[in-house]
Amino acid sequence: MDPMEALMICLQKSMHHDGLARGLREVVKALDKEVAEVCVLSKGCDEPGYTSLVTALCKKNKIPLINVPDSKTLGEWCGLCKLDEEGNTKNVVNCSSAAIISWGESSAAKDVLMKHIASQN
């Protein structure tokens, strides 16, 4: 399992356990209160103030930051889309940032993600 696949699984599990903050307002609150375990930021975000705020809060509070290449991909992983009858995604909403507040249940994906985060530092 690669780290991006593990991140997708962790985001979906935390969303199902009501432990996912999505969007600037929710993410900044989670980072400021230091309740976020991991923060995810899209490289597709073209607002420099947005990215610098999230990056600075992560550094200040020592919260790991993971970058994903696309806002649509992050939106799909965070559940900001609709599914058709066949289970394919449609109407995906862009998401520039997300934060995992609660992991939900422990899984192999969380272990892979935590090893990836530890190897980056």
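Evaluated on the chain, the Kirkwood hydrodynamic radius is 14.4 Å, with distances taken between all distinct Cα atoms.
Of the solvent-accessible surface of segment 33-103, computed with a 1.4 Å probe and all protein chains present, 49% belongs to carbon and sulfur.
So, in segment 36-120, how many Lys pairs have Cα atoms under 18 Å apart, if the pair is 8 or more places apart or on different chains?
6
In the chain, once you exclude exposed trypsin sites (Lys or Arg not before Pro) (DSSP loop, at most 15 other Cβ within 10 angstrom), what's the longest stretch remaining? Present the calculation step by step, with values, prior to reporting the outcome.
Numbers: sites that count: Lys33, Lys43, Lys62.
Answer - 63-121.
Computed on protein heavy atoms with a 1.4 Å probe, the accessible areas place Val28, Val93 in the order Val93, Val28, largest first. Annotation note: GluC sites (Glu not before Pro) in segment 45-116 located in DSSP loop regions with a Cβ neighbour count of at most 11 within 10 Å are Glu85, Glu86, Glu105.
Accessible surface area normalised per residue over the chain is 57 Å², counting heavy atoms of protein chains with a 1.4 Å rolling probe.
The values are calculated or read from the model by the stated rules, or taken from the named source; none is laboratory data. Since we're looking at a predicted model, the values are computed, not measured. Heads up, the Cβs are rebuilt from the backbone with ideal geometry, glycines too, and the neighbour counts pull from every protein chain shown. All accessible areas refer to the heavy atoms of the entire protein, side chains included, with ligands and DNA or RNA removed. Shrake-Rupley method; radii C 1.70, N 1.55, O 1.52, S 1.80 Å.
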